[in-house]
Amino acid sequence: MSVNPLLSEPVEDFAVRLEAMTDEELFTTMNSLEEASEAAEDAEETLARIALSETEIERRYPGELLAPYRNWKQRQPLL
């Protein structure tokens, strides 16, 4: 089984990296984490990282909750 780098790096490093990501990178990361959560053995760790990603999206788009992410996801033909 391969190790998902989104789940293997220290959570502090992950949080810092989220802040530096472009919107596209952030949304792709969120999508990857959602997919990983479906097959995760350690769902708690994955859900914590999803929560961090949600917080970053909400920080960038105040008052919009996760609408920008949901809109992005609908525009992706292969998701």
Only unsatisfied item for E64, checking (1) modelled with pLDDT of 95 or more; (2) surrounded by 12 or more Cβ atoms within 10 Å (Cβ to Cβ); (3) outside any loop (DSSP other than H, G, I, E, B), is (3)
List the number of the failed condition for R75; all other conditions in (1) of a type in the set (K, R); (2) within 13 Å of the chain's Cα centre (by Cα); (3) farther than 13 Å from L6 by Cβ hold.
(2)
Return the pair list, or none, for Cβ contacts closer than 8 Å from residues in segment 19-48 that are aliphatic (A, V, I, L, M) to residues that are part of a loop (DSSP other than H, G, I, E, B), at least 6 apart or on different chains.
A36/N4
So V11 passes all but one of these: (1) touching a residue at least 40 places away in the same chain (Cβ under 8 Å); (2) over 18 Å from P68 (Cβ atoms); (3) under 12 Å from the mean Cα position of the chain (by Cα); (4) open to solvent by 40 Å² or more (accessible area, probe 1.4 Å). Which condition number does it fail?
(3)
Out of (1) open to solvent by 60 Å² or more (accessible area, probe 1.4 Å); (2) assigned to a helix (DSSP H, G or I); (3) over 23 Å from R75 (Cβ atoms), what's the single condition that is false for T46?
(1)
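The values are calculated or read from the model by the stated rules, or taken from the named source; none is laboratory data. Being a predicted model, the structure only gives us computed values, none of them experimental. As a convention, Cβ positions derive from the backbone with ideal geometry for all residues, glycine included, and neighbour counts pool all protein chains shown. These accessible areas exclude ligands, DNA and RNA; they are computed on the full protein's heavy atoms, side chains included. Shrake-Rupley method; radii C 1.70, N 1.55, O 1.52, S 1.80 Å.
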